[in-house]
Amino acid sequence: MPGSTFGELFRVTNFGESHGPAIGCVIDGCPPGLALAEADIQPELDRRRPGTSRHVTQRNEPDAVEIVSGVYEGRTTGTPICLLIRNTDQRSRDYANLLDTFRPGHADYTYWRKYGLRDPRGGGRSSARLTAPMVAAGAVARKWLRERHGTAFVGWMSALGEIEIPFEGMQHIGNNPFFAANASLVPALEAHMDALRKAGDSCGARIEVRATNMPVGLGEPLFDKLDADIAYAMMGINAVRGVEIGSGFGAVRERGSAHGDELTPEGFASNHAGGTLGGISSGQDLVVRIAVKPTSSIRIARRSIDRAGQATVVQTLGRHDPCVGIRATPVAEAMLALVVMDHALRQRAQCGDVVHALAPIAGARPADAGR
């Protein structure tokens, strides 16, 4: 299936279906010698996995990762790394009524038109379950980048539906099911989700993700810009409908005198560019925001057609996320890590011998963190 491989030098091929025996990925291009075990990967999968709170799908998957190849005596060998995650809690009968019809807003219709058939069980290849292997691959990339460059990745939810979530502090992110950098709004977020679940409806979310301690010089002109590849990666996440980097669409309201990040001997004075200039990393934090659409699988009856083109009504039963954005933060972090990893290897291959007398200048953190 074309379109299942991501990256150039650090290549990740994703395989499996939502209700198949297993899902997973093959990583090709990981440098040899990296200490790697399941324990390095599992914590990231645990952050993304379903069934962790009443606000997400109650599908009970442990998402236990197995390293099948590419590691010997605890270190990567430079050969393909196969990561396997077995499916254990499929309920395919919940999708029997979707075999001959299509959910509005879902890929059901387009998959059928493209391939002539589709796997209706949990959405098959179009399921958000297929983000789990990318989170696993992202964990490998994160470890290499942390050890080699000190690069780290963090994300949080900055809006749930119409509720804006002001940034209060990083320490709150791991203490609530929404990955919100805010403690005071958690009761309101829970009440919002409880009401949505009772109504059988869904909502969207905005996620912000950052990479800190970034190497300078990653990215390639013209069409392999770092920010272009970030946008490509983020739009590859299920249900993402928009991407902002730096000021994003806010740049429309800014003047050039404000938007251009001034350089001083002490560092950049601001970070409206979001960590890239001309598509090449500046050493400042990468700042990325994604817009996640409302879940298409809802209990409210909606108009559709069947495979014969006749009018019908679709009501989705079973276990679904009322807001897929709740579990999107670890996915966005992983995809950003995969982009940075790929470009770090490209930079090492082409420009590893480039030496500068001037050390990289420090990057200023934007004042509107968590906007």
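No value in this document is a laboratory result; all are computed from the given coordinates. Being a predicted model, the structure only gives us computed values, none of them experimental. We place every Cβ from the backbone using ideal geometry, glycine too, and count neighbours over all the protein chains shown.
Please work out how much length the chain gains when fully extended from residue 66 to residue 255, using 0.36 nm per residue of separation minus the C-alpha to C-alpha distance, in nm with one decimal.
62.9 nm
Once phi is turned into ³J(HN,Hα) by the Karplus curve 6.51 cos²θ - 1.76 cosθ + 1.60 with θ = phi - 60°, what whole-Hz value does each residue of the stretch 132-143 show in order, with x for glycine and proline?
4, x, 6, 5, 5, 5, x, 5, 5, 4, 4, 5
Could you tell me what a quarter of the Cα convex hull surface of the stretch 241-348 works out to, in nm² with one decimal place?
For the stretch 241-348, the mean projected area of the Cα convex hull comes to 11.7 nm².
If you line up the long axis of helix 38-48 against the longest principal axis of the chain, both from Cα atoms, how many degrees apart are they, to the nearest 10?
The two axes meet at around 60 degrees.
Check residue 242: other-chain or 5+ apart residues with amide H under 5 Å from its amide H, H built from backbone geometry?
291
Can you tell me the dipole magnitude for the stretch 163-224 around its Cα centre, using point charges on the Cβ only (Lys, Arg +1; Asp, Glu -1), in Debye to the nearest 20?
160
Stretch residue 168-residue 355 to full length: gain in nm at 0.36 nm per residue minus the Cα-Cα span?
That works out to 63.3 nm of additional length.
Residues in the stretch 97-127 near a label at residue 303, defined as backbone nitrogen under 16 Å from the 7 Å Cα→Cβ point?
Only 102-105 pass the distance filter.
Taking the stretch 135-210, which GluC sites (Glu not before Pro) meet the DSSP loop condition and have no more than 12 other C-beta atoms within 10 Å?
Answer by residue number: 162.
Starting from the Cα of residue 224, move 7 Å in the Cα-to-Cβ direction to define the label point; list residues of the stretch 276-313 whose amide nitrogen is under 17 Å from there.
Answer for the stretch 276-313: 278-281.
Provide the gained length on full extension for the span residue 113 to residue 266, in nm with one decimal, where the gain is 0.36 nm per separating residue minus the Cα-Cα distance.
Answer, rounded to one decimal: 49.4 nm.
Taking the Cα centre of the chain as origin, work out the dipole magnitude from +1 charges on Lys and Arg Cβ and -1 charges on Asp and Glu Cβ, in debye rounded to 20.
In total the dipole reaches around 1240 debye.
Run through the stretch 1-80 and list the GluC sites (Glu not before Pro) located in a DSSP loop whose Cβ has at most 10 other Cβ atoms within 10 Å.
73
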